[in-house]
Every structure is written in C-alpha cells, then in structure tokens.
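The values are calculated or read from the model by the stated rules, or taken from the named source; none is laboratory data. Predicted model, so just to flag it, every value in this text is computed and none were measured. Cβ placement follows ideal geometry from the backbone for every residue including glycine, while neighbour counts extend to all protein chains displayed. These accessible areas exclude ligands, DNA and RNA; they are computed on the full protein's heavy atoms, side chains included. Shrake-Rupley method; radii C 1.70, N 1.55, O 1.52, S 1.80 Å.
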Amino acid sequence: MSKKHQDDDSQIPSPEELSRQREEDTIVVPKGQSKAKTFLIWGLMIFVLFIFSVGGAFQDSLTSNGDSTEAHLSWTSLDGEAHALDRATFYTKKREYSRLGPIYPILGMQEMNANDDADVARMIVTGDLARSAGVRVTDADLADTILGIFQTGEQYSGWVTSQRGLSTKGFETTMRDVLLVQRFMRLLSLGAGSIDHDELVTRWQANRTEYSFEYIEALTAEFKVEVEAGLPDSAELEAWLKALPALEQSQFNTPETWSADFALLSFPVAEGAGALLLAAYPRPAEEDAAQKGLDYYNAFIGSRFVRPVETESEDAESEEADLSEFFSYEEVEAACLAESPLYNSFADWHLDIQQQVAAATEVDLAAECERLGFTLVSDGTARNLEDWNALEADWADGNTGNALRFTSAGRFGASLRVQPAGITVARVSEKFAPALPPFVEIESDVAASWVNDAAATRAKFTLEGVRDRIGQRQAGEPFEPMTTPEQFAAAASNAGDHAQKDFSVKFRDYEERFVQPKPGAELAAIDEFLRFNPQLFELEEGRVMEAKPARDKESVFLVLVGPTRPAAVSKMQPQDLAIQRSQMMGESVRSFFVSTFEFKSPESKAFLEENFDYFLKAEDDA
C-alpha cells in the first residue's frame, strides 16, 4: 500500500467515532415509531412555533386581499403631516388595544369596542391628533391610573404575567395611548359644554307655568237661615241620612270599639312570686342570667325604669343622678335580675298560647291565670281607641289602645307590655265595627249636616244664576260659557234687572299649579279648591266652569279662567339652575362629539374625512 493511501486512511473516522457522530447529528427515533411519523411531528412543532413567533403580521398576510403594504388606515395630522398604516401594522395595533378590553369601562370609555376596526381606527387617529395638540400623559398619571385599576403593584404584575405574549412595557405603551385619547376628549368637552342662558331660562319656564283666576266665593253660612225653614221632620231626615252614599254616612258612625281581658304579673316581685310560671316554663340551665338582666333593662328602660317626677335627692352627691329621666342599670340591677327570668318565661307562655289560638285551640284565660299565678283583669267594657289610650290603670299606658287596634277578636296582643305595675298581655274579647247609632243620638248632627248641604246647594244655584247672565243655555248641549273679566264682574253685581245677590269678584294672582302655604299659614280656600279641581288648569282662558262647593261645603266657587304666563326668573331656585345647566351642558357635549369624535357616529366619520383626510379600507370596502 502506498504512502498516499496511508495518509487518506488516517482521515477516516474510526467506527467508534462515526457511531458517536451519528448519535450527535441525527434525530433519535423512539422505539416502535417510524422515522416518517417522527419527522412529521417535528415539522408540525416547528410550524406552530413559527406562527407564534412571527405573530399577527404573518397571519394577516395569509388573509390579505392584495399588497400587505397597501395603506389600510391613513390620515393627516394637525400639522399637515400625512400618516398611513399598512394592514399588518394596523392589526398589530388592534391586538394591542384589544388586550385592554375589560379596562375601557373602568376608564369611562364603554363605547370603545377593540374588536371593531372603525373604533380602533378612531382611537389611533384621535391619539395622533391629541399628541399634535400638545396633550401629554406623564409617568405619574400613568402610574396613578394603573394603581387605581389594580390596587397594588403586585396585582398589576400578576395580571400582566397572566396575559400570554404581553409585556409590562407593551401594556403601558398602549395604556398611555388610551389615556391620551381620554384626556383629549375631556379637554374638548370643557369647551363644548357651553350653554345659552336665554335658552336655559326658556327651557326652565317651559315647565313652570303660572295661572291666574278670577272667582266668586259664596259662603254657605250666608244661606243657612234661608234653608232652615225647610228642615224636614225626623222621619224624613232619617230617610235622607240612609239615602246618602256610604262614605258620607260614615261621618255619623260610632268609632270601632272592643273589650279585652288582661293577664297581669304584678311588680314588685314578692318572695316566691312567679314560682308557678317558672316551674311551667323553666329557664334553660345555660342561660346567662346577667346578660338577660341587662337585655331586659335595655328593652324596657322607657316604660319600666322611668324615674318618678316626684323623686327628690336627699344629698348633693345624688342630685346629678336624680336629674336623669331614667334609672341607671346599677340602680335597678337587682330588679332586672329578679324580673328578667319572669319576663322571658311569660314570653314563652305567650308564644305557646298564640300557637294554640292559631291552631284553633280554645284557651281558657282564667284557668291559665290560676295555673301560672297571674291576675286576671276584665271589666267587659267596650272602649274606642281614644278611650283605651286614656285608660287610667297602674298596668296601662298611653298606648294600650294602639297595641290592640289591629288585633282580631279572640286573639292575643302581639307583644307583652312591661310597666312599673307589672307584665301584662291582653286578649281582645269582642270587637264592634263602626256603625250608625240609634238615630235619636245623632239627629242633631244629621240636621246640621242637612242644613249645610242645603245651603251649599242654594249657594250653587245662586252662582249658576250669575253664570246664566254671561251665556245662553241650549237644550241638550253642554253649557260652557266664555266671557271677559269685565262681563264677569258685571254679572256678579247687584245692579240692573237681574238683581238678586251682590257678589264681589276676587283675583287669584299668578301662581304655579301647586301652591305651598307659607310656614305657619294654612292653604287659602281658593288654592285648596283649585288643588282638588285640577281640570281648571286645562281650560282655555275666558271659560267659566260650573259652580262647585269646596270639600267641606263651607264655600261654593264660580271660577273664570284667566291668562297664564311663564314663571318669573326670580323664582328659579339654585338647585333648579344647577339641574338645568347640567342637563344642557350634557346635551351640548353629546352633540359636539356626535358630529366630531364619537366612535359610532356617521357624522364623526364625515368630519374626520373632511378635516383630516381620514380613510379606513375596511369601511371603504363595506
């Protein structure tokens, strides 16, 4: 073998080296799997990594309709500089804005939809206009906003980390762009929120009309002597009463009355008192007696532990304490500890008998009182609410009637009453509904009502005579006369061949529909009449409505509808001004943005096209 061959052989790797190189330079195929399948898996993995690393630009190029460098969005800045974004760059920005989706409502930008090309385009263009106008967002502003949203830096960092492919720098850049637009919009709104003060007054007055009326008031009392001569006898008067509507009859009814029985456990507690009650309803062994005593004091300090007015201090040290309206807990602690168990056992019994009554089980109250050591108090007298509240008894108070007012017959009161005299509970024995008493008992009242009613009717007919003098009634047609103040006054006077009764015409000055009386004063009779006859505010000027009595029939009114006018500006209250200004400023701002920078407005698109050469291919294609 020649020397040359020997040299060539020396460059050939040994079998061991060749084997080692093959292990380092080739893909190891898992046992039981073909090489083709292995290469296919690796190819798919490389493709996926390629997609995620290249990102949206590559994906957009796959779906692009034409040249990817073609302007997808273009506009001109305030300084005249032209800008354009190709499709790939635009959709990259769109993805950046979409990452802030949940944050827009927090920033008060609910209208921003980062999935809408038009919204993203408006955001990009408006941000550039803001920068051109000199609007800036400082690092401090950005930091304050981020902390306001995420509360802590730790939560902020954790959220950014949880968003795949998002970096802190990328998020903050996009957030700064959004805040720039937000600030720009707010600055614009300050200038757009101007209002016309003349229009403000006009709009306020549109809901503030003042009405005037001229009227004649006939006092019913002036006609009573005239009608008393026709007062019917007792039988006719009773028939008149029974012919009245139920509501009008009810003014003569007796009030609701009821009788009641009371179970009483007297105070002060004598030795051995309450033993029967505690034996029947023992206190739980685990009950905290001290706490229950304090609870009892707090619950009934206003009824059980009121200091008697006649109590006088005997020495200077107790003088300050005696000035208190109620005994302190320390002063009555012994009584609270003694009475509290009795009260709670009494309450257990009360609940027990209420359940029995609800189950339609008859309760023998007298037997129960004997079984438990109570005193039964019952006199069978039916009293009305006022009389029950005024009942003078050691165990009663000013609310005895109120406590039973809505209790049905056969039922127990809803709660126990605790007074210095003891603990009581009441059961309503009988209840009597309001009803007309024997006629002889109310005849004088009915007669007075008849006279008042007849006098009001006579006054009404007299005023209708005045109305007849300003119009002509036609059979089968409504009588709705129109007149002037001069004719109204002439018809009311006692002059000429129509002389009957002389009335003076009064003027109800301009006021809004709802008149409030001055503090300490009563509502004028004409204002109350107008309040309950609101149809007068809807009638045309010059109309004279049919004469009508007031609710109490003390007066009858004939009213001429006068002119109206807007309310005087001097009546505008500060809160009225503030509300009107706020509404008008809001409307002005909304109107401005609809026609300029609002994301969803067609007028906004036209504005941007005309002033900033705005173009979005997605909108143009549509």
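For the stretch 382-405, filtering for residues that are within 11 Å of residue 431 (Cα to Cα) and open to solvent by less than 60 Å² (accessible area, probe 1.4 Å) leaves 4. For the stretch 182-192, the condition holds for at least one residue, the condition being that it is under 23 Å from residue 126 (Cβ atoms), in contact with a Ser or Thr (Cβ under 9 Å, 6 or more places away or on another chain) and free of Cβ contacts under 8 Å to residues at least 60 places away in the same chain. The residue of the stretch 441-458 that is farthest from residue 553 (Cα to Cα), among those that are open to solvent by 70 Å² or more (accessible area, probe 1.4 Å) and touching a residue at least 12 places away in the same chain (Cβ under 8 Å), is 445.
Taken residue by residue, the stretch 533-555 has at least one member that is touching a Phe, Trp or Tyr at 6+ places or on another chain (Cβ under 8 Å), surrounded by fewer than 14 Cβ atoms within 10 Å (Cβ to Cβ), charged (D, E, K, R) and more than 15 Å from residue 216 (Cβ to Cβ). Please tell me if residue 259 is open to solvent by less than 50 Å² (accessible area, probe 1.4 Å), within 30 Å of residue 438 (Cα to Cα), in contact with a strand residue (DSSP E or B) (Cβ under 9 Å, 6 or more places away or on another chain) and modelled with pLDDT of 90 or more. Judged against the criteria, residue 259 is a match.
All of 222, 214, 238, 248 fail the test of being modelled with pLDDT of 90 or more, within 30 Å of residue 556 (Cβ to Cβ) and outside any helix (DSSP H, G or I), apart from 214. Filtering the stretch 580-622 to residues that are β-branched (Val, Ile, Thr) and either exposed (fewer than 13 other Cβ atoms within 10 Å of the Cβ) or assigned to a helix (DSSP H, G or I) (or both) leaves 589, 594.
The set of residues in the stretch 406-440 that are without any contact (Cβ under 8 Å) to a residue 24 or more places away in the chain, closer than 30 Å to residue 308 by Cβ and open to solvent by 40 Å² or more (accessible area, probe 1.4 Å) comprises 414, 415.
In the set (1) open to solvent by 50 Å² or more (accessible area, probe 1.4 Å); (2) more than 50 Å from the chain's Cα centre (by Cα), the condition left unmet by residue 232 is number (1). Before we move on, is residue 515 open to solvent by 50 Å² or more (accessible area, probe 1.4 Å) and of a type in the set (Val, Ile, Thr)? So residue 515 fails the test. Residues in the stretch 347-389 that are on the phi > 0 side of the Ramachandran plot and among the hydrophobic types (A, V, I, L, M, F, W, C): 1 in all. Once the stretch 531-579 is narrowed to residues that are among the polar types (S, T, N, Q) and assigned to a strand (DSSP E or B), the residue that is nearest to residue 469 (Cα to Cα) is 555. Taking the numbered list (1) among the hydrophobic types (A, V, I, L, M, F, W, C); (2) open to solvent by 50 Å² or more (accessible area, probe 1.4 Å); (3) outside any loop (DSSP other than H, G, I, E, B) in turn, residue 106 passes all entries but (3).
Between 152, 145, 126, 174, the distinction of being polar (S, T, N, Q), crowded, with 16+ Cβ neighbours inside 10 Å and free of Cβ contacts under 8 Å to residues at least 60 places away in the same chain belongs to 145 only.
Would you confirm whether any residue within the stretch 386-393 is of a type outside the set (A, V, I, L, M, F, W, C), outside any loop (DSSP other than H, G, I, E, B), under 24 Å from residue 279 (Cβ atoms) and free of Cβ contacts under 8 Å to residues at least 24 places away in the same chain? No, the conditions are met nowhere in the stretch 386-393. Taken over the stretch 243-260, the residue count meeting the criterion of being under 26 Å from residue 382 (Cα atoms) and free of Cβ contacts under 8 Å to residues at least 12 places away in the same chain is 3. Could you tell me whether any residue of the stretch 568-577 is out of contact with any helix residue (DSSP H, G or I) (no Cβ under 7 Å at 6 or more places or on another chain), surrounded by fewer than 16 Cβ atoms within 10 Å (Cβ to Cβ) and hydroxyl-bearing (Ser, Thr, Tyr)? Within the stretch 568-577 (the criterion being out of contact with any helix residue (DSSP H, G or I) (no Cβ under 7 Å at 6 or more places or on another chain), surrounded by fewer than 16 Cβ atoms within 10 Å (Cβ to Cβ) and hydroxyl-bearing (Ser, Thr, Tyr)), the answer is yes, since at least one residue qualifies.
Only one of the numbered conditions (1) among the hydroxyl-bearing types (Ser, Thr, Tyr); (2) assigned to a helix (DSSP H, G or I); (3) touching a residue at least 60 places away in the same chain (Cβ under 8 Å); (4) more than 30 Å from residue 292 (Cβ to Cβ) is violated by residue 343, and that is (4). When you scan the stretch 484-492, do you find a residue that is at pLDDT 90 or above, of a type in the set (Phe, Trp, Tyr), assigned to a helix (DSSP H, G or I) and under 14 Å from residue 559 (Cβ atoms), even just one? There is at least one residue in the stretch 484-492 that is at pLDDT 90 or above, of a type in the set (Phe, Trp, Tyr), assigned to a helix (DSSP H, G or I) and under 14 Å from residue 559 (Cβ atoms).
Assessment of the stretch 418-431 against the conditions (in contact with a Lys or Arg (Cβ under 7 Å, 6 or more places away or on another chain), outside any helix (DSSP H, G or I) and under 30 Å from residue 565 (Cβ atoms)) yields no matching residue.
Show the residue pairs that are 6+ apart or on different chains and have beta-carbon atoms under 9 Å apart, the first residue being within the stretch 76-87 and without any contact (Cβ under 8 Å) to a residue 60 or more places away in the chain and surrounded by 14 or more Cβ atoms within 10 Å (Cβ to Cβ), the second being assigned to a strand (DSSP E or B) and of a type outside the set (A, V, I, L, M, F, W, C). Here the result reads 83/74; 83/76; 84/72; 84/74; 85/72; 85/74; 86/72, each pair linking the stretch 76-87 to a residue that is assigned to a strand (DSSP E or B) and of a type outside the set (A, V, I, L, M, F, W, C).
So that you can scan it fast, the table gives a plain yes or no per residue for (1) of a type in the set (Phe, Trp, Tyr); (2) closer than 30 Å to residue 268 by Cα:
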| site | (1), (2) |
| --- | --- |
| 343 | yes, yes |
| 359 | no, no |
| 392 | no, yes |
| 418 | no, yes |
| 443 | no, no |
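Look at the stretch 268-295: where a residue is under 19 Å from residue 420 (Cα atoms) and in contact (Cβ under 8 Å) with a residue 40 or more places away in the chain, no partner that is surrounded by fewer than 12 Cβ atoms within 10 Å (Cβ to Cβ) and among the β-branched types (Val, Ile, Thr) sits 6+ places away or on another chain with Cβ atoms under 9 Å.
Restricting 126, 161 to residues that are under 30 Å from residue 615 (Cβ atoms) and of a type in the set (Ser, Thr, Tyr) narrows the list to 126. Within the stretch 504-533, residues that are in contact (Cβ under 8 Å) with a residue 60 or more places away in the chain and farther than 18 Å from residue 558 by Cα sit with their Cβ atoms under 7 Å from residues that are part of a loop (DSSP other than H, G, I, E, B) and open to solvent by 50 Å² or more (accessible area, probe 1.4 Å), at 6+ positions apart or across chains, in these pairs: 512/208.
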